[in-house]
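The structure appears below as C-alpha cells.
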Amino acid sequence: MNEYKIEDISIGMKEEFQVTVTEEMLEMFCKLTGDCNPLHQNTGFAKICGYPDRVVYGMLTGSFLSTLAGMYLPGKYSLIQGVEVKFLKPVFPGDTLMIAGYVDEVHENFRMMKLKVLIMNQKEEKVLKGKMQIGWLSEACDFNKGGKSC
C-alpha cells in the first residue's frame with residue numbers, strides 16, 4: 001500500500017495494477033449486491049443476447065477504482081469524493097484488466113487531487129474511462145504512529 005502525502009504528488013504522476021476477473025468475483029458480487037441479472041449469471045442467456053460469455057458487472061469493473069485510490073494513488077490516506085465513469089466495452093470472465101490512474105490536478109490548499117482513470121483489457125482495448133476526485137485523510141488517522149482515532 002502506498003502512503004503518498006499530498007506534497008509527494010505531481011501532475012502527470014501515474015500508478016497502475018492488473019487484475020484478472022474470475023467466476024468467483026461474479027458470484028460474490030451477485031451475493032453482495034443482490035443483482036442476479038441473467039446477463040451476468042447465465043452463459044446461455046448472454047449468448048442469446050449476442051455476447052460470447054457472461055458479461056462482468058460494470059460496477060464490478062468500476063470497483064477496481066477503489067483499489068486504485070485506496071492502495072496505489074494516493075493509497076493509505078485517500079478519501080474518494082467523486083467518481084465519473086463511462087463503460088466503453090464489455091468485460092468477460094477471465095479478462096485481465098490494467099487499471100491506471102493519472103494525476104490531472106492537485107489542490108494542496110483543499111487537500112484534494114483529480115485523476116483521469118482508464119481500464120484496458122488484455123487486448124489493450126479501453127473498457128472504462130473516467131475521472132476521480134480524491135481527498136487526503138489527516139495523518140492523525142494513522143494508528144501505527146500513535147495518532148488519534150478518526
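Only the coordinates and a few stated rules stand behind these numbers; no lab work does. This structure is a prediction, so every number in the text was calculated from the model and none was measured. Every residue, glycine as well, gets a Cβ built from its backbone with ideal geometry; the counts of neighbours run over all protein chains shown.
Computed from Cα positions, the angle between helix 58-67 and the longest principal axis of the chain comes to roughly 20 degrees. Each listed q (0.21 Å⁻¹) maps to a log10 I(q)/I(0) for the chain from the Debye sum over equal C-alpha point scatterers, namely -1.22. Among 48-54, 97-103, the peptide with the highest mean count of other Cβ atoms within 10 Å heads the list, and the full ranking is 97-103, 48-54. Computed from the Cβ-Cβ distance with R0 of 22 Å, the FRET efficiency linking residue 104 to residue 8 stands at 0.85.
Residues in the range 81-111, backbone N under 16 Å from the label point at residue 35 (7 Å along the Cα-to-beta-carbon vector): list them, ranges by number please. The answer is 83-93, whose backbone nitrogens lie closer than 16 Å to the label point.
Label zone of residue 17 (point 7 Å out along Cα→Cβ, amide N under 14 Å): in the range 100-124 this covers 100-101. Angle check, please: helix 23-33 long axis (alpha carbons) against the longest principal axis of the chain (alpha carbons), in degrees 0 to 90, nearest 10. Helix 23-33 and the main axis of the chain meet at about 70 degrees.
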